[in-house]
1. In this structure, does Leu93 turn out to be surrounded by 17 or more Cβ atoms within 10 Å (Cβ to Cβ), closer than 15 Å to Val47 by Cα, in contact with a Phe, Trp or Tyr (Cβ under 8 Å, 6 or more places away or on another chain) and not acidic (Asp, Glu)?
2. Considering only segment 50-65, how many residues are touching a helix residue (DSSP H, G or I) at 6+ places or on another chain (Cβ under 8 Å), surrounded by 15 or more Cβ atoms within 10 Å (Cβ to Cβ) and of a type outside the set (Ser, Thr, Tyr)?
3. Counting only residues that are under 14 Å from the mean Cα position of the chain (by Cα) and either among the aliphatic types (A, V, I, L, M) or not in a helix (DSSP H, G or I) (or both), which one in segment 131-154 is nearest to Leu81 (Cα to Cα)?
4. Any residue in segment 7-20 that's closer than 14 Å to Ser103 by Cβ: show its pairings with residues that are assigned to a helix (DSSP H, G or I) at Cβ separation under 7 Å, as long as the two are six or more apart or on different chains.
5. Would you pick out the residues in segment 36-81 that are farther than 18 Å from Met128 by Cβ, in contact (Cβ under 8 Å) with a residue 60 or more places away in the chain and in a loop (DSSP other than H, G, I, E, B)?
6. Are any of the residues in segment 2-22 in a loop (DSSP other than H, G, I, E, B) and touching a Leu at 6+ places or on another chain (Cβ under 6 Å)?
Amino acid sequence: MTHAIAAGKTAIQERIAVAPELSSMGTTVVAAWLFPLPTTSVAIAHVGDSRAYVIRDEQLVALSTDHSLVQQLVTEGLITLEESWDHPKKNVLVRALGLDYPSTPDIAQHPLGPQDSVLLCTDGLTKMISEEYILSVILESRDSPEETCQRLITQAIAAGGKDNTTVLLITPAYTPD
């Protein structure tokens, strides 16, 4: 996963080298690697403010922590989580894939239960709609990951759609009764 993320950064740097007007270009990444055996788990790698969550026991649990200035301020206790929601520097990243950013990913492996789902998404979702609403949509249409993702993207766009929105939901195999 580290090599794939490094290859992404290299591709961005090569593009900037031939098109200097793109020097501010960058992106974030979140990736998952599923391990079915010996016990089911998922490895999450991320850089920036794209996020990973597990849905377990009808709760949305973060598996990643944003690489942003505001998240650092929250972690250091300098501002509250509530103050971070409308902080004027909420879009300032401290890690990303781009020319001038550090891009070392955080990578962690997490055990998964048989009914757990994994959500990967960009900040175009999480900055437009609340985690509570995200969870409610997932729980309402859990048997249709495609429908769930489309509903979340549609809602993010309806809420103002200020950024690209990508959503991936990985669910346990559905077996009808």
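1. On the way: surrounded by 17 or more Cβ atoms within 10 Å (Cβ to Cβ): yes; closer than 15 Å to Val47 by Cα: yes; in contact with a Phe, Trp or Tyr (Cβ under 8 Å, 6 or more places away or on another chain): yes; not acidic (Asp, Glu): yes.
Against the criterion (surrounded by 17 or more Cβ atoms within 10 Å (Cβ to Cβ), closer than 15 Å to Val47 by Cα, in contact with a Phe, Trp or Tyr (Cβ under 8 Å, 6 or more places away or on another chain) and not acidic (Asp, Glu)), Leu93 qualifies.
2. 3
3. First pass over segment 131-154, keeping only residues under 14 Å from the mean Cα position of the chain (by Cα): 131, 134, 149, 152-153.
Going one step further and asking which of them are either among the aliphatic types (A, V, I, L, M) or not in a helix (DSSP H, G or I) (or both), we end up with 134, 152-153.
Numbers: Ile134: 18, Leu152: 23, Ile153: 24 Å.
Only one residue tops the list, namely Ile134.
4. That search, which allows pairs on different chains as well, returns Ile16/Leu22.
5. Result: Thr39, Thr40, Glu58.
6. Going residue by residue through segment 2-22, those that are in a loop (DSSP other than H, G, I, E, B) are 19.
Next, only the ones that are touching a Leu at 6+ places or on another chain (Cβ under 6 Å) stay: none.
Taking every residue of segment 2-22 in turn, none turns out to be in a loop (DSSP other than H, G, I, E, B) and touching a Leu at 6+ places or on another chain (Cβ under 6 Å).
For every residue, the table says whether it meets (1) at pLDDT 95 or above; (2) loosely packed, with under 14 Cβ neighbours inside 10 Å; (3) outside any loop (DSSP other than H, G, I, E, B).
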{"residue": "Glu83", "(1), (2), (3)": "no, yes, yes"}
{"residue": "Pro114", "(1), (2), (3)": "no, yes, no"}
{"residue": "Val118", "(1), (2), (3)": "yes, no, yes"}
{"residue": "Ala156", "(1), (2), (3)": "yes, no, yes"}
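The values are calculated or read from the model by the stated rules, or taken from the named source; none is laboratory data. Being a predicted model, the structure only gives us computed values, none of them experimental. With ideal geometry, Cβ positions are generated from the backbone for all residues, glycine too; neighbour counts draw on all protein chains shown.
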